[in-house]
Amino acid sequence: MKRKFFFAAVLLVVALVFQIVPAMAYEPEFEVQSKGVYLVNLDTDTVVYEKNANEKMYPASLTKIMTTLLAIENVANLQEEVTVPTYIFDEFIGINISHAGIDKGEILTVEKLLYAMMMQSANEAASIVADYVGGGSISEFVEMMNKKAKEIGANNTHFANPHGLYDDEQYTTPYDMYLITRYAMQLPGFMDYCTELVREIGPTNLHTSLRLSNRNAMMSSTSEYYYEPLRGIKTGTLEESGRCLVSTAQKDGYSYLLVLMGAPYLNEEGEVIPTNYSYTETKDLYEWAFSSFKVKTFVQKLEEKGGVTVELGKDDKDYMNVVAKDGFTALVPDEIEATSAQLLPDLPKSIKAPVEKGDKIGTLKIMLSNEEIGSVDLVASESIERSEFLYALDKVKGVFNSFAFKFVFTTVVVFLVLYIALMCVRNYNKKRYSAINKRKRRR
C-alpha cells in the first residue's frame, strides 16, 4: 500500500529545498494586513518577505495539503476504490461545511477524493481519505500527520483532524506551512489536484454526476480576483483563522511560493468583510516581488580572485592565481548593481607544492550592505609540481625547527656549558692547590 520508492528521493529533494537563504529585511511599499506571510523565490530559495513566520496560527483548510501528501505517499494505486463509511458524516452534523456532495455508501477512487479535497475543499473527502489511509481510524491518520510534520521539519505544527475545521489543538506557522507545501509539491500528481478549475468525477453508484469547481477565485478568469500567473494551491477560511491562501506564481521566468495566513475576514461588528484580502494581498505581494527583484551574477565561474605564494615549487614557481570554483548568483532588489557587492577572499599566506589544479585553497565571501549573502570556494588555477631539492631542504629545516631537535640541542648546549664550567673550576682548583703545595715545599 505504501509508496516507499518515492520516500528516499523526496527526502533528498526536501533536504536541498530546506537550505533557504534568509531574507535581508525587504519590505514592500504597502501595508500587509494579513497576520502571517512567508514569500519565497523558488528559483534561488530566497525568502524575500516574511511576517510572523514562526507564530502559531490556525491553518483552516490548508490542513488538506498534509492530508493529500500522505495519501499520495501511502496509497500505491490511487485508482483504488473506497466505499464511504456511514460514520464519516457524524462529526459534521449540524454544522455548515464546504463539501462536494459525496454521500454515505458512495464508491469513489482515492484520486477523485483528492480532487474533491483540493479543488472544492470537501471536508467529507478529507475524512474519507484519512479513514482509508489510517486503516479505518482517523485518529491513527492524525498521528501520521503529526509524525510527518516532524519529519519535514515543521516543528511548530500540530494536527487534530484531517480537514482543518477549528480545533484548539490544530495549529501551524507560515514557515511550517511553507515546508509542508514545498514537500508536497515534489510528489507526483500533487499540483494536478489543486490547479484544475473544473472536473467531473461522476457518475458514481449514487450520482449520475459529481462536478467539482475550484474554490480559488484567483485562477478563474471570470473572477474580479483573477491573477493569470497564479497556480493553486489551497484556500482556507475560518472565523478563528481568518482567510488563508497558499499559492504559487510564475512570471517573466521567476517562480514564487507564498503562504498567507490570517487575512482579515470579519469586521468589528462580526460581519464578513466583502473584500477577500487573502486574494488582494497575494496579488500585491507577487507583483511587488516580480517587479522588484532580479537574479544577478556576482561572481563568474573560474573568475580570477587573487593569488597565494607557493613554497617548494618546481622550476621557480612561487606564486599561483586562484579562481572561483563556481559562479554565484543571487536574487536581489533590481536597483542593486552586482558591482556594489564587496568580495572578501579568505586565503592562507602561502601553500606548499605539490598543488593540483582545482584544489581548494580558500573561500570568497560575497557581502552586500555588510551582510554575507553567500560564498564560493577558491581553487588552484593550475598544477604545480614539487621541487625535490627544495623539499629535502625543507625537511632538514623542519628537523632543525622541530621541538625535539631544539630540546636536544638546548640540552646538549647546557650540558657542554656546565661541563666547561666544571672543567674550568677543576682547573682553577688544581692550579690553586698546586701553588699552595709549592709554597709549602719552599718552607
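The values are calculated or read from the model by the stated rules, or taken from the named source; none is laboratory data. Everything numeric here is computed off the predicted structure, so don't read it as measured data. Reconstructed Cβ throughout: ideal geometry from the backbone, glycine too, with neighbour counts over all protein chains shown.
For the reader, a short list of remarks on this structure follows.
- Checked against the criterion of being assigned by TED's automatic domain parsing to the domain that holds Cys194, surrounded by 21 or more Cβ atoms within 10 Å (Cβ to Cβ) and aliphatic (A, V, I, L, M), the stretch 75-85 has at least one qualifying residue.
- Where Val142 falls short, out of the listed (1) in a loop (DSSP other than H, G, I, E, B); (2) touching a residue at least 12 places away in the same chain (Cβ under 8 Å): (1)
- Test: residue in the stretch 88-110 that is part of a helix (DSSP H, G or I), in contact with a strand residue (DSSP E or B) (Cβ under 8 Å, 6 or more places away or on another chain) and either under 22 Å from Arg211 (Cβ atoms) or not assigned by TED's automatic domain parsing to the domain that holds Pro333 (or both): yes
- Out of Leu344, Leu378, one residue alone is touching a residue at least 60 places away in the same chain (Cβ under 8 Å), in a strand (DSSP E or B) and in contact with a Leu (Cβ under 8 Å, 6 or more places away or on another chain). It is Leu378.
- Looking only at the stretch 186-223, and only at residues there that are part of a loop (DSSP other than H, G, I, E, B) and among the β-branched types (Val, Ile, Thr), the one that is surrounded by the most Cβ atoms within 10 Å (Cβ to Cβ): Ile201
- Only one of Tyr183, Tyr226, Tyr175, Tyr132 that is in a loop (DSSP other than H, G, I, E, B), at pLDDT 95 or above, aromatic (Phe, Trp, Tyr) and assigned by TED's automatic domain parsing to the domain that holds Ser278: Tyr226
- Sole residue being in contact with a Gly (Cβ under 9 Å, 6 or more places away or on another chain), assigned by TED's automatic domain parsing to the domain that holds Pro174 and among the acidic types (Asp, Glu), chosen from Glu287, Glu281, Glu268, Glu239: Glu239
- Within the stretch 236-255, the set of residues being of a type in the set (Ser, Thr, Tyr) and more than 24 Å from the chain's Cα centre (by Cα) comprises Thr237, Ser241.
- Residue check, Thr282 among the β-branched types (Val, Ile, Thr) and over 17 Å from Lys51 (Cβ atoms): no
- Scanning the stretch 48-87 for residues that are acidic (Asp, Glu), without any contact (Cβ under 8 Å) to a residue 60 or more places away in the chain and assigned to a loop (DSSP other than H, G, I, E, B) turns up just one, Glu80.
- Any hit, the stretch 170-178, residues being farther than 17 Å from Ala116 by Cα and surrounded by fewer than 18 Cβ atoms within 10 Å (Cβ to Cβ): no
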